[in-house]
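All remarks here apply to the structure that follows.
Every read-out reported here was derived from the displayed coordinates using simple, explicitly stated rules and does not represent laboratory data. Note that the structure is predicted; figures quoted are calculated from it, not measured. Ideal geometry is used to build each Cβ from the backbone, glycine not excepted, and the neighbour counts take in all protein chains shown.
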Ligand SMILES: [Fe+2]
Ligand SMILES: [Fe+2]
């Protein structure tokens, strides 16, 4: 097994542990987020389960002072809100799809969270980068999206 072929599994384990150990946002962190987003978009952020809020908060922290990346960082996974899967179900759904098996129902919605989230963000009037990142992560930037911004977001998402 090459280090590269181990990478996705290690990432899956890290994500699983990160989900289990995620601490809810503190009131100070919540008000910092509320001050960064318009109310309808903030509502979508806070509709996420607390583990996903923590992940999004951490991604935002890792992009540093690049304010134009904040919406994308904070909202890229809002498509996970609807399927409402826990840590184990998320892992099983991911493994299921990596085995090339067809998922249905909430598992399919979870695996399609990028597209679902992008549609929600479009409806909320989120910025173009936030919509594009939700739809295309993890992956290459679509045409017309700044590659440097994309790289920063991708690095922050998988860190
Ligand atoms: Fe995601
Ligand atoms: Fe993410």
Roughly speaking, what is the stretch gain from residue 20 to residue 68, that is 0.36 nm per residue apart minus the C-alpha to C-alpha distance, in nm to one decimal? 14.3 nm
For residue 58, placing the label point 7 angstrom along Cα-to-beta-carbon and taking segment 13-40, residues whose amide nitrogen sits under 17 Å are 13-26, 29-30
When the chain is treated as a Gaussian network with springs between alpha carbons less than 10 Å apart, the largest mean-square fluctuation among 43, 71, 120 is found at 43
Tensor-based shape of the chain (alpha-carbon gyration tensor, a/c under 1.5 rounded, otherwise prolate or oblate): rounded
Fully extended, how many nm does the chain gain between residue 146 and residue 47 (0.36 nm per residue separation, minus their Cα-Cα distance)? 32.8 nm
Using Cα atoms only, what is the angle between the long axis of helix 3-21 and the major principal axis of the chain, expressed in degrees (0 to 90) to the nearest 10? 60
Nearest 10 degrees, 0 to 90: what angle lies between the long axis of helix 27-36 and the longest principal axis of the chain (Cα atoms)? 70
Express the relative contact order of the chain as a whole percentage, based on alpha carbon pairs under 8 Å and six or more residues apart in sequence. 22
Rounded to the nearest Å, the spacing of the alpha-carbon centers of segment 110-159 and segment 18-53 is 18
